[in-house]
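Here's the structure we're looking at; comments come further down.
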Amino acid sequence: MEDAKIYEQKAEKIKALAHPHRLCIVKGLIDNKCNVTKIQECLKLPQSTVSQHLAKLKAAGIIEGKRNGLEICYSVVDEDVIDIISVLF
């Protein structure tokens, strides 16, 4: 049954990516680490919406944020997700 857990974990990652905005955020973060303001400007979405998407990605263990002064710089930390994005794009 340990295999089932692995499949479940990987399915959760795919679910977290299965939204066009989150997919765009992750692709953008792989190409260039950035903060919420830059992501917001790129996607033309309200800051609150971008923050919600980032929270889902963070909860899934796909990204992490590091504080740099007043801003938080996000980066993709999940190798499986980096592989998925490289296949898709």
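Does residue 39 count as touching a Gly at 6+ places or on another chain (Cβ under 9 Å), assigned to a helix (DSSP H, G or I) and modelled with pLDDT under 95? Can you show your working first?
Numbers: touching a Gly at 6+ places or on another chain (Cβ under 9 Å): yes; assigned to a helix (DSSP H, G or I): yes; modelled with pLDDT under 95: yes.
It is true that residue 39 is touching a Gly at 6+ places or on another chain (Cβ under 9 Å), assigned to a helix (DSSP H, G or I) and modelled with pLDDT under 95.
Say whether the condition of being surrounded by 13 or more Cβ atoms within 10 Å (Cβ to Cβ), of a type in the set (Lys, Arg) and outside any helix (DSSP H, G or I) is met by at least one residue in the stretch 21-36. Outline the logic, then answer.
Going residue by residue through the stretch 21-36, those that are surrounded by 13 or more Cβ atoms within 10 Å (Cβ to Cβ) are 21-30, 33-36.
Filter once more, keeping what is of a type in the set (Lys, Arg): 22, 27, 33.
Still in the list and also outside any helix (DSSP H, G or I): 33.
Yes, there is a match, as at least one residue in the stretch 21-36 is surrounded by 13 or more Cβ atoms within 10 Å (Cβ to Cβ), of a type in the set (Lys, Arg) and outside any helix (DSSP H, G or I).
Against the definition (acidic (Asp, Glu), without any contact (Cβ under 8 Å) to a residue 24 or more places away in the chain and open to solvent by 40 Å² or more (accessible area, probe 1.4 Å)), how does residue 79 come out, yes or no? Don't jump to the end; show me each part of the working.
Details: acidic (Asp, Glu): yes; without any contact (Cβ under 8 Å) to a residue 24 or more places away in the chain: yes; open to solvent by 40 Å² or more (accessible area, probe 1.4 Å): yes.
Judged against the criteria, residue 79 is a match.
Do you know which residues across the stretch 1-18 are open to solvent by 60 Å² or more (accessible area, probe 1.4 Å) and not hydroxyl-bearing (Ser, Thr, Tyr)? Write out each step before concluding.
Keep residues of the stretch 1-18 that are open to solvent by 60 Å² or more (accessible area, probe 1.4 Å), which gives 1-3, 5-10, 12, 14-15, 18.
Hits for the stretch 1-18 are 1, 2, 3, 5, 6, 8, 9, 10, 12, 14, 15, 18.
Residues of the stretch 77-89 being out of contact with any strand residue (DSSP E or B) (no Cβ under 9 Å at 6 or more places or on another chain) and either part of a loop (DSSP other than H, G, I, E, B) or farther than 16 Å from residue 15 by Cβ (or both), which ones? Outline the logic, then answer.
Keep residues of the stretch 77-89 that are out of contact with any strand residue (DSSP E or B) (no Cβ under 9 Å at 6 or more places or on another chain), which gives 79-80, 83-84, 86-89.
Hits for the stretch 77-89 are 79, 83, 86, 87, 89.
For residues that are small (Gly, Ala, Ser), assigned to a loop (DSSP other than H, G, I, E, B) and surrounded by 15 or more Cβ atoms within 10 Å (Cβ to Cβ), tally how many sit in the stretch 42-71.
Within the stretch 42-71, the subset small (Gly, Ala, Ser) is 48, 51, 55, 59-61, 65, 69.
Narrowing the set further to residues that are assigned to a loop (DSSP other than H, G, I, E, B) leaves 60-61, 69.
This time we only want the ones that are surrounded by 15 or more Cβ atoms within 10 Å (Cβ to Cβ), so: 60-61.
Qualifying residue count, the stretch 42-71: 2.
Checking residue 74 against (1) open to solvent by 40 Å² or more (accessible area, probe 1.4 Å); (2) in contact with a helix residue (DSSP H, G or I) (Cβ under 8 Å, 6 or more places away or on another chain); (3) assigned to a strand (DSSP E or B), only one condition comes out false. Which one?
With respect to (1) open to solvent by 40 Å² or more (accessible area, probe 1.4 Å); (2) in contact with a helix residue (DSSP H, G or I) (Cβ under 8 Å, 6 or more places away or on another chain); (3) assigned to a strand (DSSP E or B), residue 74 is out only on (1).
The values are calculated or read from the model by the stated rules, or taken from the named source; none is laboratory data. Not measured: the values here are computed from a predicted model. Note that we place each Cβ from the backbone using ideal geometry, even for glycine, and neighbour counts take in every protein chain shown. The area values use the complete protein model at the heavy-atom level, side chains included, leaving out ligands, DNA and RNA. Shrake-Rupley method; radii C 1.70, N 1.55, O 1.52, S 1.80 Å.
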